[in-house]
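**Q** Would you mind keeping the following structure in view while I ask a few things?
The values are calculated or read from the model by the stated rules, or taken from the named source; none is laboratory data. Quick caveat: nothing in here was measured; it's all calculated off a predicted structure. For neighbour counting, all protein chains shown are included, and Cβ atoms are generated from backbone atoms with ideal geometry for every residue, glycine included.
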Amino acid sequence: MSFKNSPIGVFDSGIGGLSVVKSLMESLPNEDVIYFGDIARIPYGTKSVATIKKFTEQTVRFLLKQEVKAIVIACNTISAVAKDTVLQLAGNIPVIDVISAGTKASTDISNKIGVIATPATINSNAYPRAIHEINPDSEVFAQACALFVPMIEEGFTDHPALELIARDYLAPILEDDIDSLILGCTHYPLIYNTITKIVGDKIKIIDPAITTCKQLTDALVARNLLNNNSRQGQYKFYVTDVPVKFQKIGEMFLNRALEQIEVVSVE
């Protein structure tokens, strides 16, 4: 098999990275994708950097055994603290991460940037640090939104309570007169409509899942690695555990049936 036709590896500490898979399905429909979610060991955000790096190394070694041609870090926490681990293991294959992709897109269009994310990601200071590396003059306004992920996973994506909570979370950064807003958690695209309703159409909303796919496409084109098959891509999902609601939540992310799920251990 030509290396061009090898799969793309996408991984996350849990299930949120499926929003990146959905973008891949839409933007690169001929590519095969392997997704790995370390469901058994979430949340990563409360663990030490050393532990996150160890888990990341185990996952990347698993993906490399599947002979992936590129790796996408579809997790903000891993992007923030363990990207160097992935780069060391990946060798010459391209590595794309959601934080780099999101920050590049924001600095291209904006100087007053809002970021909403989980408390762990906000506390890591990863987005302001990455933004200021590109443009030291950018102003960054960050807001932790602790209740979004549990509400999304409970299926409350269009619930009136979500809108009330979102208005409360977003009020402080809207007062800062931001002109772009990064969705700094891979769950948040599922509540895009609610966020748009609150922030209005003058603020550009940046979904790192979409910008990650654009960066990945550029990297594959540059290396002549785009899949040259005309058939629909095939998708495999590997997880370290299958909670009761996994399939339901996964299908909510992908907006299609979630098939070929396999439980594996990487320890």
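**Q** Of all residues in region 104-127, which are outside any helix (DSSP H, G or I) and either in contact with a helix residue (DSSP H, G or I) (Cβ under 9 Å, 6 or more places away or on another chain) or small (Gly, Ala, Ser) (or both)? Steps first, answer last, please.
**A** The initial filter retains those residues of region 104-127 that are outside any helix (DSSP H, G or I), namely 110-118, 125.
Once the filter is applied, which keeps residues that are outside any helix (DSSP H, G or I) and either in contact with a helix residue (DSSP H, G or I) (Cβ under 9 Å, 6 or more places away or on another chain) or small (Gly, Ala, Ser) (or both), region 104-127 yields Ser110, Ile113, Gly114, Val115, Ile116, Ala117, Thr118, Asn125.
**Q** Anything in region 107-141 that is modelled with pLDDT of 90 or more, over 14 Å from the mean Cα position of the chain (by Cα) and of a type outside the set (A, V, I, L, M, F, W, C)? List them, or say none.
**A** Passing the criteria: Lys112, Gly114, Asn125, Pro128, Arg129, His132, Glu133, Asn135, Pro136, Asp137, Ser138, Glu139.
**Q** Within region 258-267, can one find any residue that is of a type in the set (S, T, N, Q) and at negative phi?
**A** Yes, that holds for at least one residue.
A quick yes/no check of all residues on (1) under 21 Å from Glu154 (Cα atoms); (2) hydrophobic (A, V, I, L, M, F, W, C); (3) modelled with pLDDT of 95 or more:
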{"site": "Leu181", "(1), (2), (3)": "no, yes, yes"}
{"site": "Gly184", "(1), (2), (3)": "yes, no, no"}
{"site": "His187", "(1), (2), (3)": "yes, no, no"}
{"site": "Leu190", "(1), (2), (3)": "yes, yes, no"}
{"site": "Asn193", "(1), (2), (3)": "yes, no, no"}
{"site": "Asp201", "(1), (2), (3)": "no, no, no"}
{"site": "Asp207", "(1), (2), (3)": "no, no, no"}
{"site": "Ile210", "(1), (2), (3)": "no, yes, no"}
{"site": "Thr217", "(1), (2), (3)": "no, no, yes"}
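**Q** Conditions first: (1) closer than 18 Å to Thr118 by Cα; (2) out of contact with any Phe, Trp or Tyr (no Cβ under 9 Å at 6 or more places or on another chain); (3) not hydrophobic (A, V, I, L, M, F, W, C). Glu57 passes all but one, so which condition is the exception?
**A** (1)
**Q** Name the pairs whose Cβ atoms lie under 8 Å apart, with the first residue in region 240-267 and small (Gly, Ala, Ser) and loosely packed, with under 12 Cβ neighbours inside 10 Å, the second part of a helix (DSSP H, G or I) and modelled with pLDDT of 85 or more, and 6 or more positions between them or separate chains?
**A** What qualifies is Ala257/Glu251.
**Q** Let me ask something else. Could you tell me whether Ile96 is within 21 Å of Ile210 (Cα to Cα), in a helix (DSSP H, G or I) and under 17 Å from the mean Cα position of the chain (by Cα)?
**A** Values: within 21 Å of Ile210 (Cα to Cα): yes; in a helix (DSSP H, G or I): no; under 17 Å from the mean Cα position of the chain (by Cα): yes.
So Ile96 fails the test.
**Q** Quickly run through region 28-62 and pick out the residues that are surrounded by fewer than 14 Cβ atoms within 10 Å (Cβ to Cβ) and either of a type in the set (Phe, Trp, Tyr) or under 15 Å from the mean Cα position of the chain (by Cα) (or both).
**A** Pro43
**Q** Report yes if Gly114 is within 22 Å of Leu147 (Cβ to Cβ) and either in contact (Cβ under 8 Å) with a residue 24 or more places away in the chain or not assigned by TED's automatic domain parsing to the domain that holds Ser180 (or both), otherwise no.
**A** yes
**Q** Next question, about the same structure. Please specify each residue of region 63-118 satisfying the condition of being acidic (Asp, Glu) and surrounded by fewer than 23 Cβ atoms within 10 Å (Cβ to Cβ).
**A** Glu67, Asp84, Asp108
**Q** Within region 172-179, is even one residue of a type in the set (Val, Ile, Thr) and more than 20 Å from the chain's Cα centre (by Cα)?
**A** yes
**Q** Return the total of residues in region 157-187 being in contact (Cβ under 8 Å) with a residue 40 or more places away in the chain and over 22 Å from Asn111 (Cα atoms).
**A** 3
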